[in-house]
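Undergrad: Next up is a structure, given as C-alpha cells.
Readers should treat all values here as calculations from the given coordinates under stated rules, not as data from a laboratory. What you see is a predicted model; the values in this text were computed from it and never measured. Because the Cβ atoms are built from the backbone with ideal geometry, glycine has one as well, and the counts that use them run over all protein chains shown.
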Amino acid sequence: MGSHQHFGYGVTGAGLSYSSSYPSVPSMPDRLFGSLKLDIGNSTSSPFSTQFDCDTNATTVSDSQDRYSSTQNLSGESSSYFSRLNPSGGTSLLQDASSSHNIKHTLLKLETTLMGPDDDEDVSTPNTCLGASSRPPTSDQKPRAWSQQHEGSHVIQTQTSFVSRQRQFHEGAHVEKRQKEMEEVPFHGIPSGDLKQLLIACAKALAENKVNDFDKLIEKARSVVSISGEPIQRLGAYLVEGLVARKESSGTNIYRALRCKEPEGKDLLSYMHTLYEICPYLKFGYMAANGAIAEACRNEDHIHIVDFHIAQGTQWMTLLQALAARPGGAPHVRITGIDDPVSKYARGDGLDAVARRLTAISEKFNIPIEFHGVPVYAPDVTKEMFDLRPGEALAVNFPLELHHTPDESVDVNNPRDGLLRMIKSLNPKVVTLVEQESNTNTTPFLTRFVETLNYYLAMFESIDVRLPRNQKERISVEQHCLARDIVNVIACEGKEREERHELFGKWKSRFMMAGFRQCPLSSYVNSVIRSLLRCYSEHYTLVEIDGAMLLGWKDRNLISASAWY
C-alpha cells in the first residue's frame, strides 16, 4: 500500500506555508542548551552579530539526510535549546563613540582584542526588525556596531595621519590614566591567569552593584577571552557579553534582535546537525525517550504520541521503524506535533515539512501514520487540541522543552505545574522527560552565573574533543546553538528569561505532586546508550539516579532522562 493510504495530515491553525526549498534535515531543539539582552549600542565588535556567515562549512544538508536513513540514526533535532542562537564573531569592546579623546585608546584596544570568525565579511548592518531595539538611543545608550572579522586575525592594523601633536598628547595622557586606573582594580585574591575566577569576580561586582569595579574587571576579562581559544576563553566571550547586557538592562532587545536575524533555515539546520553529530547529548535523550515509549506501548495496536517539540520529527524515525517490525504487525500510530515559531523557522518551513518526512517513513516501512500539527507554544496547549480517541495508548514527550514553561516564580498561575496536571488528567500510558541538569530557575543571580559557567564549560570542553579550536564549524556551532541561551540565563529576568532549568530532583517533585509515578528506564536502553558513548569519548559518564539516567562530562551531569505514568 502506498503512503497516501497510510498517512493522514491535519494542522490546527492557519497561515502555514506548504512549500519549501530546504531538504528535510534533522534539527535540534532550538532551546536545548538555552536566550540575550544587550542594547545595540556601545560595542565595536561582539560575539553576537545581527548578520550571519552563511558559508559555514558545517555538515551539509544532503549528507545529513543520508545519515538519517540508517537504523542507527536517532533523530537529529533538539527541542529548544540549541536552535535559537544567532551570535557571530569576536570579543566586544565598550567605547564612547562621541568622545574624541577615546579614539586612540579605542584603536589600541581594537589592535589587541578584536577578532571574529570570517575573513571576507565586515558586518555592521543595523537591525530594524519588529521587536528589535530599533528605537532611537536614549542619552545613556550609544549606538553599537556589531561586526565580524577574520577568526585568526587577532590584530587589526590601523593608521592615523596628520594628527596634531596636541591631540596626541591628550590621547596619550588618557591611555596612561586608564592604565593607572587598571592597576588600582581590586584583583586581590584572583590568581594570575585564572580566567574562571576573574569572570566570577565580574559577576560578583555586578551583583553587589559595584559599577566601577565591574567596569575595570570586565575590561580585564575582555582582554583574555577569545572565541577560538581554550574552552574557558570561548565561553568567557559569551559570559562577558551577558554580564554587560545585564548591566545595561538590554538583554531582551538583543534576544529579539537575534530572533529576527537568525541564519537561514538550511544554515541553522547544518549547525544543529553538526552539534548533534559531535556530541551525544541529543541522541541520548531521544534514545531514552524512544525506549521508554516502545516498552510502555509494546502490546498496543493504536498509539498516539504527543510531542511537545516536534521540530523536524526525526526523533520518531527509529521508533516507527521498530514498531513496523513488530511480529504481530505494525500498530496504527498517530502523532500530534506541538510547534512554535522558532521550530518553524529552524525547519525553513511549516509543519508540512514534518508531514512529508513522516509520509516517507509510512511508505518505506509500511506502517500507518497519521500526523496532526498544533502550531502553538506549550503553555497554550489545551486538551481539545489533542483530539483524543478511545482505544489509543497515549504517550507524551517533553524533549528539552518543559523548562521554557514558566512556573510559580514567574506567573502566579504556575503554568509549568498546570501543564503537568492537565497531561495527567489524560491518563497517559507514559510521559518522557529530557532536561538539562542545571539549576538556573529561581537561584539568585551570582549563584546562577556560577552554575551556568560550570555547566557550559563542561559542554565546551566536550566539543573540543571533536572539533579543532580554529575550525569555523565549531565557532558557528557554539554561537548559533549555545551562546544565545547562555546570555538569556545571565542577562534576563522575569518573563524575559526563558531558560529556567531545574535539577532532576525538582522535576521529580513536580511530577509526583501532579500525580505521576516514575517508571525505571530499561536496562537494555541503558546498555545501548553506554555503547553509544564509547564512540565519542571516555570522559562521558552515565549514571542512574532514582530510576532516571543522567549523561555527563567528567564529574558534571548535563542531561537527565526519565519516564512517568
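Undergrad: Which value results when the Cα radius of gyration for the stretch 447-565 is divided by 2.2 N^0.38 Å?
TA: 1.22
Undergrad: Another question about this same structure. Could you sort the peptides 274-287, 469-482, 443-456 by per-residue average Cβ neighbour count (10 Å cutoff), highest mean leading?
TA: 274-287, 469-482, 443-456
Undergrad: List residues of the stretch 543-565, by number, whose backbone nitrogen lies under 17 Å from a label position 7 Å along Cα→C-beta of Ser509.
TA: Only 546 pass the distance filter.
Undergrad: Can you give the extra length, in nm with one decimal, that the chain gains between Lys495 and Asn454 once fully stretched, where that is 0.36 nm per residue apart less the Cα-Cα distance? Before the final figure, lay out each step's value.
TA: On the way: separation 41, 0.36 × 41 = 14.76 nm, distance 2.42 nm.
Between Lys495 and Asn454, full extension yields 12.3 nm more.
Undergrad: Now for a different question. Quick one: length gained pulling Val543 to Val412 fully straight, 0.36 nm per residue minus the C-alpha distance? Show your work: numbers first, answer last.
TA: Working: separation 131, 0.36 × 131 = 47.16 nm, distance 3.53 nm.
That works out to 43.6 nm of additional length.
Undergrad: While we're here: Would you order Ser223, Ser362 from fewest to most other beta-carbon atoms within 10 Å of each residue's own beta-carbon? Present the calculation step by step, with values, prior to reporting the outcome.
TA: Details: Ser223 14, Ser362 26.
Going from least to most buried by this count: Ser223, Ser362.
Undergrad: Can you tally the net charge around Ser537? Count Lys and Arg as +1, Asp and Glu as -1, for every other residue whose Cβ sits under 11 Å from the Cβ of Ser537.
TA: Taking every Cβ under 11 Å from that of Ser537, the sum is 0.
Undergrad: Distance in nm between label sites at Ser425 and Ala207, each 7 Å beyond Cα in the beta-carbon direction?
TA: 4.0
Undergrad: Just how far, in whole angstrom, is the stretch 197-237 from the stretch 460-496 if you go by their alpha carbon centroids?
TA: Distance between centres, Cα-based: 17 Å.
Undergrad: Run the numbers for Arg389 and Glu295: contour at 0.36 nm per residue of separation, minus the present Cα-Cα distance, in nm. Let's see the in-between values first.
TA: Details: separation 94, 0.36 × 94 = 33.84 nm, distance 2.12 nm.
Once the chain is fully extended between Arg389 and Glu295, it gains 31.7 nm.
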